[in-house]
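Colleague: Structure incoming, see below.
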Amino acid sequence: MTETTDTRPGILLVLDGWGHAEPGPGNALAVADTPVLDGIRAKYPATLVEASGEHVGLLPGTVGNSEIGHMVIGAGRPLDYDSVLVQRQIDSGGLRDNPRLTEALDALAAGGGALHLVGLASDGQIHAHVDHLHELLSIAAARGVERVWVHAITDGRDVADRTAGHYLGRVEEFFATTGVGRLATVSGRGYALDKSGDLELTAKVTQAVADGRGALARDHGQILAGAGDGDVWINPTVLTDAAGEPLATVRDGDAILFANFRSDRIQQLADDLVKHLAESDVRILSLTQYDTEADIPALVGRADASGGLADQLEAHGLRSVRVAEQEKFEHVTYYLNGRDERRREVEEHVRITSDEAPEYTARPEMNLDRVADAVIEAAGRTDVALVAANLANIDVVGHTGDHDATVKAAEYTDGQVERILTAAAATGRWVVLVGDHGNAERMSKPGPDGAPLPYGGHTTNPVPAVVVPAPGQLLPDALRDGGSLADIAPTVLALLGRPSGPAMTGRSLL
Ligand SMILES: O=C(O)[C@@H](CO)OP(=O)(O)O
Ligand SMILES: [Mn+2]
Ligand SMILES: [Mn+2]
């Protein structure tokens, strides 16, 4: 790690979903007209860094995601992500003997209560893995629990759309192989995993899961036949018996286990169900630790992510201003700080909100101009050592799967980056730009018949990392190749003229 003697304040821009791939079908970033981003990658020290799989603490071959991406950028080291910790407990047999789980299951077996499993049914591995339901069903059967209800959440965002039938079929196979379990409700993730605070969406799932109230269907085939808007927006539906009665409701003596390993979306549903069942005698658990208001016991704890950039800035008395739109505000604050909600005196947060409902395809610009305004304002302050911002468009619009809207999102981002670079030069600041995982560089995937289908999910591609020097700043003419997101915090600290944190295993790219 080379310490620059030339210490200057700077700006860290995380371009969400900004991955790298060779030009080709579906690469919206290669098609987009982005002269500023292309220009700095050619002119200034730049490289590609890994942002997926074991490089950032995910299982090998797993696409990157915003949580682990921002956590590793902040921590300056790979972190065992919750999905890895769960898989490790499964593989070691630890989950089977997990005392919180066995105590709950034994109480159900003794009292005749039912277990309700609530989770995203896909193998997208961003929020959940459907195979974890298989393990939980198998453990419940082994502990003598007779009734297990699966409340499946359909995806269509982390995996190709209209694949819910495939995954629900897998869940039905789990029932056959483990000898226990039935499907009780099916809800699209647009309802069940809303994180915008729209509790009307959440309530429809809570009523279906807890009270068996909502649209009715005899089997999941009937549900999918009516799923006109794709997997994300499948109406929360209750499965019924021949008489049209709901197969399951949550009763006293039952237990609910949330099976997503990622908290930031399912936590809204978990809190709503806890409130809804406050007067009931229902044990509620989660597979991993959730950031809910309610205190929900978790089966698998999370890795320690302390000692990162936020702690180093605080230790050196360096003020930072964090800026993002609401979709990515937690990422540039809470996750960048290692899932630590302590607000440090040297830290200021600017959350850009909008009162109109987001229309990402129609308005790929989102509110990025206001994000850039806030970055430029903070850059003008001499008491601010670091401005750290997330530019959300490329990922958030990328998730729509709409190639042309994503091209526009990238082009608009290019223009706003130009404004920020101009302000940085005027205020004597360097700028580090990095993606947190790939997305828009791959907007289509071959379907079962080989024909390209729209794909709005993340990728395992590396992401660009660029250092734009402050005017007159002396920097090496190239960045070290072969790095990962773990090397960003050490690079930022070196540019600030500070050493890496002792817990950081990443090394400066300079
Ligand atoms: O939107 C989300 O929750 C995930 C995709 O499911 O994306 P990101 O990791 O970028 O938040
Ligand atoms: Mn992201
Ligand atoms: Mn995303």
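Please treat every number below as a calculation from the coordinates, not as lab data. Because the structure is predicted, anything quoted here is derived from the model rather than measured. Positions of Cβ are backbone-derived with ideal geometry, glycine not excepted, and every protein chain shown enters the neighbour counts.
Colleague: May I ask you to derive the FRET efficiency for Thr382 and Ser196 from their Cβ-Cβ distance with R0 = 25 Å, giving the value to the nearest 0.05?
Modeller: Numbers: r = 36 Å, r/R0 = 1.45.
Efficiency, rounded to the nearest 0.05: 0.10.
Colleague: Step through the table entries Lys275/Lys408; Lys43/Lys195; Lys408/Lys445; Lys328/Lys445, compare each Cα-Cα distance with 31 Å, and write down the pairs that go over it. Write down the numbers at each step before the final one.
Modeller: On the way: Lys275/Lys408 42 Å; Lys43/Lys195 39 Å; Lys408/Lys445 20 Å; Lys328/Lys445 26 Å.
Correct reply: Lys275/Lys408; Lys43/Lys195.
Colleague: Where does each of 435-441, 54-60, 453-459, 65-71 land if you order them by average Cβ count within 10 Å, highest first? Walk me through the numbers on the way to the answer.
Modeller: Values: 435-441: 30.7, 54-60: 19.9, 453-459: 22.3, 65-71: 27.9.
In descending order of packing, they fall as 435-441, 65-71, 453-459, 54-60.
Colleague: Taking a quarter of the surface of the convex hull around the Cα atoms of the range 83-300, what do you get in nm²?
Modeller: Details: hull surface 42.6 nm².
Projected over every direction and averaged, the Cα hull of the range 83-300 covers 10.6 nm².
Colleague: Taking R0 as 35 Å, what FRET efficiency do you get between Asp241 and Ala21 from their Cβ-Cβ distance, rounded to the nearest 0.05? If you can, show how the numbers build up before the last one.
Modeller: Values: r = 50 Å, r/R0 = 1.42.
It comes to 0.10.
Colleague: Turning to a different aspect of this structure: What full-extension length gain, to one decimal in nm, is calculated for Ala451 and Thr102 as 0.36 nm per residue of separation minus the Cα-Cα distance? Can you show the working numbers first?
Modeller: Values: separation 349, 0.36 × 349 = 125.64 nm, distance 4.62 nm.
Extra length available between Ala451 and Thr102 comes to 121.0 nm.
Colleague: For the range 83-300, what proportion of DSSP beta bridges, expressed in % and rounded to the nearest 5, is antiparallel?
Modeller: Taking every DSSP beta bridge within the range 83-300, about 10 percent pair in antiparallel fashion.
Colleague: So for the chain: antiparallel DSSP bridges make up what percent, rounded to the nearest 5? Before the final figure, lay out each step's value.
Modeller: Working: 15 of 64 bridges.
DSSP beta bridges in the chain are roughly 25 percent antiparallel.
Colleague: Enumerate the residues in the range 155-197 having an amide nitrogen under 20 Å from the point lying 7 Å beyond the Cα of Trp233 toward its Cβ.
Modeller: Hits in the range 155-197 for Trp233 at 20 Å: 155-165, 186-197.
Colleague: Here's something else I'd like to know. Distance in nm between label sites at Glu279 and His349, each 7 Å beyond Cα in the beta-carbon direction?
Modeller: 3.4
Colleague: Please give the residues of the range 384-406, grouped as numeric ranges, whose backbone N is less than 17 Å from a label point set 7 Å along the Cα-to-Cβ vector of Asp33.
Modeller: Residues 404-406 fall inside that zone.
Colleague: Quick one: which residues, 5+ away or cross-chain, put their amide H under 5 Å from the amide H of Phe261? H built at 1.01 Å from N.
Modeller: Excluding prolines and chain starts, which carry no amide H, the hits are Ala128, His129.
Colleague: Suppose the Debye formula is applied to equal point scatterers at every Cα of the chain; what is log10 I(q)/I(0) at q = 0.05, 0.13 Å⁻¹?
Modeller: The Debye formula, applied to the Cα set alone, gives -0.20, -1.20.
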